[in-house]
Amino acid sequence: MKKLLLIVMMLPLYSRAQNFEFGINGGCNFHFLPINNIYTTQDKAILGYAAGFKANLVLPAAQVGVGVEFANFVEYNYVMPVYTAKVFNHIAQPLICPYAFYNRTYSNIINGYLYTGVMAGIAIAQVGVNSWQYNNGIYSVPTGYSTVYNSARGFTAGLQAGAVLMVSKQLGLNFEAALRYTDYTYKAPSNTLEDPYHYHLFYIPITLGLRYRI
C-alpha cells in the first residue's frame, strides 16, 4: 500500500519531467465508396478536406496522446433519367473523431524524427438526407432536391505515418499520411427497408502542419 501511494504521489512530478507536444494539421482527404451500400455504388467520390489537433506526451521512442480529426465525405451522381444535373450525396459533412493514439518514433533523423502508429476513437457524423421535389407526382422527372443533416454515431480506427522536422528546439514541421476506417449509422425513422444511411468506408487523410514542444 505504501508503494502504491508513493507511485501516485510521484506521477505529477514524472509528468512534469516529460516533454509535451501539441500539433495542428490541415490538408486533403480521399475516401473510397462505402462498402456494401447499394445506394452509393454508382457515385463518384469528391476530394475533401482533413484537419486536426493533437496533444501527446513524449516518451523514449514513443508518443501517447489524444486528438480530434475533421473530414468530409461528399459524392455525386446525376438526376435520373435526365442525367444532366448533378446530385450531391453528403455522407459526412463533417465527420468529427475524438481519438486516442500511440506512435512509435524513430529519432535522430535530420533534426527531427519519423513515426508510425495506431489510433481509435468515436465517429460523430452529420449525414445528409436528400428529399426530392416533383412537378407531377413522384413518378415524374424530379425537378430538384433539398438536404437535411442528421447526427450519426459510430467509430473510427486506423494507422498513420509521418515525419517531423524540428526548425527550433520547440517548433517543428509535420507531414502525415493516414489510412482510416469508419463505421456509423443514421436511423431514418420513416425507413422500413434496408438502411441507406449505414456507412462503413476507408479514407486517406494527407496533411501538413506544425508541432510545438514544451
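Each reported figure results from applying straightforward, stated rules to the coordinates on display, with no laboratory input. None of these values were measured; they are calculated from a predicted model. Note: ideal-geometry Cβ built from the backbone for every residue, glycine included; neighbour counts use all protein chains shown.
Treating r as the C-beta distance of Leu210 and Arg153 and R0 as 25 Å, the FRET efficiency rounds to 0.20.
What does the extension gain come out to for Cys28 and Val79, with contour length at 0.36 nm per residue minus their alpha carbon separation?
Here the segment from Cys28 to Val79 would lengthen by 15.6 nm.
Here each label is just a point 7 Å from Cα along the line to Cβ, and for Met166 and Tyr102 those points are 2.4 nm apart. The length gained by stretching the chain between Ala120 and Asp183 to full extension, at 0.36 nm per residue less their Cα-Cα distance, is 21.5 nm. Extending 7 Å from the Cα toward the beta-carbon at both Ser131 and Val66 defines two label points whose distance is 3.8 nm.
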